[in-house]
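Enquirer: Take a look at this one; I'll ask things after.
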Amino acid sequence: MLGFANKCFVQGWMPIFAVLAGCATTSKAPVEGGVLAPGPAMDAAMPDVPVFHHSEITVTERVEPVLPDAGKRLKPEERVCRVQTYIDRTGTPWEAKAKDCPSVLVEAAQACMLKWRFEPPRNAEGEVVSASVLYRVTF
């Protein structure tokens, strides 16, 4: 089993191809909107909110970030932020916290993520839950 999991990880196969190639493991359960790892990981800042990988959450409405004037002086490779986004049970973000982000872009990155919309996150049992997801915002 470990050999299959490693092969699929190294190959970078998409989930459906991984299943067809025999790479699926019994430790993951398919649910609507993605595949969840066993046992929810928790965010230290919000211990009641399970952590999801961005590939496990379906985006229904994406909003492009607006580069502030002060950010135009940054090199293109510096115009990147990681934003921890907290999504409620309806698929609406209720909080966004920028990490590893130039200070001139923090507010714009957080505002951008709060405008995104998602399908309601589901746990391994298929129940709708809140979620914590880390996204990369590139200006």
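Enquirer: Sort out which residues of region 47-79 are in contact with a Pro (Cβ under 8 Å, 6 or more places away or on another chain) and in a strand (DSSP E or B), and write them in order of number.
Expert: Within region 47-79, PRO50, VAL51, PHE52 meet the criteria.
Enquirer: I'm trying to understand the selection: among the residues of region 52-67, which are more than 18 Å from LEU134 (Cα to Cα) and surrounded by 13 or more Cβ atoms within 10 Å (Cβ to Cβ)?
Expert: Result: LEU67, single match.
Enquirer: Still on this structure: Output the residues belonging to region 99-119 that are under 17 Å from HIS54 (Cα atoms) and surrounded by fewer than 20 Cβ atoms within 10 Å (Cβ to Cβ).
Expert: LYS99, LEU114, LYS115, ARG117, GLU119
No value in this document is a laboratory result; all are computed from the given coordinates. Model, not experiment: these values are computed from the prediction. Using ideal geometry, Cβ is built from the backbone for each residue, glycine included, and neighbour counts are taken over all protein chains shown.
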